[in-house]
Amino acid sequence: MTDLPNIERRRIQGEVIKPIYEDLVAELGVDRARALLSRAITRSAEAEARRAADAEPDGEPSMERFTALFRRTYLDRGIEGGVEATVLSEGPDHLDFDVTRCRFVEMYRDMGLGEIADVLSCNRDGAFAQAYDPDITLDRAQTIAQGAPCCTFRYRRQA
């Protein structure tokens with residue numbers, strides 16, 4: 001199987017999700033459709049995180065390894081990783097950065113899925129962190145998907 005960049009994987013998922021979401025809205029209304037989709041996306045992010053944690057050399061996730069994974073997947077790849085971001089601070093118990101451009105949100109808007117970009121993309125971040133390591137939490141005051149000029153990512157590991 002070919003390793004696809006996350007942005008391409010999310011585009012393919014969006015193409016599959018769009019007609020399902022439209023049918024859910026028609027049958028159940030926007031609020032219920034968003035809630036159901038949010039649960040499914042959260043489960044998907046959690047499963048992905050557990051696979052990543054299990055792949056750690058000694059099976060022990062840590063903040064340093066989480067940061068390295070996040071850097072490899074997104075931050076160090078720049079816009080090719082799906083985001084333009086500024087790392088503010090990182091250490092053994094935290095990772096702080098702001099996303100100033102999000103290709104995921106742009107792509108979902110182009111696909112006609114802008115109203116659920118937060119469900120399809122943003123909601124994954126905290127769920128992923130917690131499933132990767134239950135001691136890691138995400139505090140995010142704002143997102144581009146919700147109209148802010150940047151997304152504020154503040155990951156913390158309590159130990």
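Which of the residues belonging to region 70-87 are at pLDDT 90 or above and β-branched (Val, Ile, Thr)? Those that are at pLDDT 90 or above and β-branched (Val, Ile, Thr): 83, 86, 87. On the stretch given as region 53-101, residues that are surrounded by fewer than 15 Cβ atoms within 10 Å (Cβ to Cβ), touching a strand residue (DSSP E or B) at 6+ places or on another chain (Cβ under 6 Å) and of a type in the set (A, V, I, L, M, F, W, C) total 1.
Looking only at region 118-143, filter to residues that are aliphatic (A, V, I, L, M) and crowded, with 23+ Cβ neighbours inside 10 Å; which one of those is nearest to residue 17 (Cα to Cα)? The selected residue is 120.
The set of residues in region 1-31 that are in contact with a helix residue (DSSP H, G or I) (Cβ under 8 Å, 6 or more places away or on another chain) and not in a helix (DSSP H, G or I) comprises 4, 5.
Within the bounds of region 21-34, is there any residue that is touching a residue at least 24 places away in the same chain (Cβ under 8 Å), charged (D, E, K, R) and crowded, with 18+ Cβ neighbours inside 10 Å? Looking through region 21-34, at least one residue is touching a residue at least 24 places away in the same chain (Cβ under 8 Å), charged (D, E, K, R) and crowded, with 18+ Cβ neighbours inside 10 Å.
The residues listed here are 34, 77, 65, 71; of these, the one that is basic (Lys, Arg), within 15 Å of the chain's Cα centre (by Cα) and either part of a helix (DSSP H, G or I) or more than 20 Å from residue 130 (Cβ to Cβ) (or both) is 71. Figure legend. Inter-residue proximity from region 99-119: first residues farther than 15 Å from residue 146 by Cβ, second residues at pLDDT below 95 and part of a helix (DSSP H, G or I), beta-carbon distance below 6 Å, spacing 6+ or different chains. Indicated pairs: 103/7.
Residues are listed down the side, and each one gets a yes or a no for (1) at pLDDT below 95; (2) within 21 Å of residue 112 (Cα to Cα); (3) in contact with an Asp or Glu (Cβ under 9 Å, 6 or more places away or on another chain):
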| residue | (1), (2), (3) |
| --- | --- |
| 2 | yes, no, no |
| 9 | yes, yes, no |
| 13 | no, yes, no |
| 25 | no, yes, no |
| 31 | no, yes, no |
| 46 | no, no, no |
| 53 | yes, no, yes |
| 62 | yes, no, yes |
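The values are calculated or read from the model by the stated rules, or taken from the named source; none is laboratory data. Just so you know, these numbers come straight off a predicted model, no measurement behind them. So basically every Cβ, Gly included, is an ideal-geometry build from the backbone, and we count neighbours across all protein chains shown.
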